[in-house]
Structure formats: structure tokens, C-alpha cells
Amino acid sequence: MAIGWGKSFEDQVEEGNQRLSAHEREVRLPLEARVRLQKLESLKLSRSRMLQQLERARHSAHREVLMKGLRAIEKEIEEILA
């Protein structure tokens, strides 16, 4: 009864594993998977920034450049997910 106020050891271990943060789980991934995941997160952040800039862009030439950049980012995201 001393361990965990009556909980079995297995229950405590399972509960502890569920509390692992996303970062702790990420560290357990192989290096290649972590690099791929970091690249994907970076691209998603770039995509959201690009969309924000696109909403504020007034000149058609600037909007065109942003759209090309957005398409390039989306293509890279698709390649990573494929």
C-alpha cells in the first residue's frame, strides 16, 4: 500500500508515460525522424507567416511573389509528408 497509495506499479508507470511531454517523446525518435519533424514544423511556421503577409499585401507584384513562396513551401511540406 505504500507505493502510490494502493495503485499497482504498472498503473503508476503507465500514468507516468502518459505525462511525457511532446518534447520528451520527440527526443526518443531517431535522429532522421526528429530532423524531418523539425523541418516540417519550420515549414508550417513559415507558411503561416507567409499567409499573414499575403493578407496584408496590397501590390499585385508583392502578392505574386508571396504566392510563389507559399506554393514552394506547400510543395516542400507535401514532399516531407509523402
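The values are calculated or read from the model by the stated rules, or taken from the named source; none is laboratory data. Source: prediction; values computed, not measured. Cβ atoms come from the backbone with ideal geometry, glycine included; neighbour counts cover every protein chain shown.
When region 48-80 is filtered for residues that are more than 25 Å from the chain's Cα centre (by Cα) and either β-branched (V, I, T) or surrounded by 12 or more Cβ atoms within 10 Å (Cβ to Cβ) (or both), the ones remaining, listed by number, are A57, H62, R63, V65.
Mind checking which residues of region 37-61 are outside any helix (DSSP H, G or I) and among the basic types (K, R)? Working first, answer last.
Filtering region 37-61 down to residues outside any helix (DSSP H, G or I) leaves 57-59.
Across region 37-61, the qualifying residue is only R58.
Count of region 10-53 residues, restricted to those that are hydrophobic (A, V, I, L, M, F, W, C) and modelled with pLDDT under 65, is 3.
Taking residues in region 51-75 that are within 25 Å of K39 (Cα to Cα) and without any contact (Cβ under 8 Å) to a residue 60 or more places away in the chain, and partners anywhere that are surrounded by 13 or more Cβ atoms within 10 Å (Cβ to Cβ) and basic (K, R), the pairs with Cβ atoms closer than 6 Å and at least 6 places apart or on different chains are I73/R47.
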